[in-house]
Amino acid sequence: MLRYDIYDEDGELWAYSRNNNIIDDLAFAGSEDIAETRVTSTTRNPVKYTQKLPLDSLADGMRRVFEENSLTRHYSADGTQD
């Protein structure tokens, strides 16, 4: 399961990976390995992040992975499959 938290940093959206070594290995463009802990809901249960990347890079990278593995279908504007 992929788990990202999105943060707005100076008007740019960043996706932070929650300790997910599988997705971290994909190394999407602009990603950086981090070891950061933040409190999101309670101090007793802080979240640990292992990767940070621009949100648009995550979306583009996931689209590429899905297409390379034939996990997508393309549809025309009229709803017919290409």
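Results, tabulated for the structure shown:
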read-out: So Thr72, is it over 17 Å from Tyr4 (Cβ atoms), in contact with a helix residue (DSSP H, G or I) (Cβ under 7 Å, 6 or more places away or on another chain), assigned to a loop (DSSP other than H, G, I, E, B) and modelled with pLDDT under 85; value: yes
read-out: First in segment 1-14 and under 15 Å from Gly30 (Cβ atoms), second anywhere and of a type in the set (Lys, Arg) and assigned to a strand (DSSP E or B), Cβ under 6 Å, 6 or more apart; value: Trp14/Lys52
read-out: Selection status of Glu67, at pLDDT 80 or above, open to solvent by 70 Å² or more (accessible area, probe 1.4 Å) and either within 16 Å of the chain's Cα centre (by Cα) or among the charged types (D, E, K, R) (or both); value: yes
read-out: Residue that is farthest from Phe66 (Cα to Cα), among those in segment 1-19 that are modelled with pLDDT under 90 and surrounded by fewer than 16 Cβ atoms within 10 Å (Cβ to Cβ); value: Asn19
read-out: Any pair with Cβ under 7 angstrom, 6 or more apart, that starts in segment 37-49 at a residue that is outside any strand (DSSP E or B) and ends at one that is open to solvent by 70 Å² or more (accessible area, probe 1.4 Å); value: Pro46/Thr37; Pro46/Val39
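The values are calculated or read from the model by the stated rules, or taken from the named source; none is laboratory data. Because the structure is predicted, anything quoted here is derived from the model rather than measured. Note that we place each Cβ from the backbone using ideal geometry, even for glycine, and neighbour counts take in every protein chain shown. Just the protein is used for accessible areas: all its heavy atoms, side chains included, with ligands, DNA and RNA removed. Shrake-Rupley method; radii C 1.70, N 1.55, O 1.52, S 1.80 Å.
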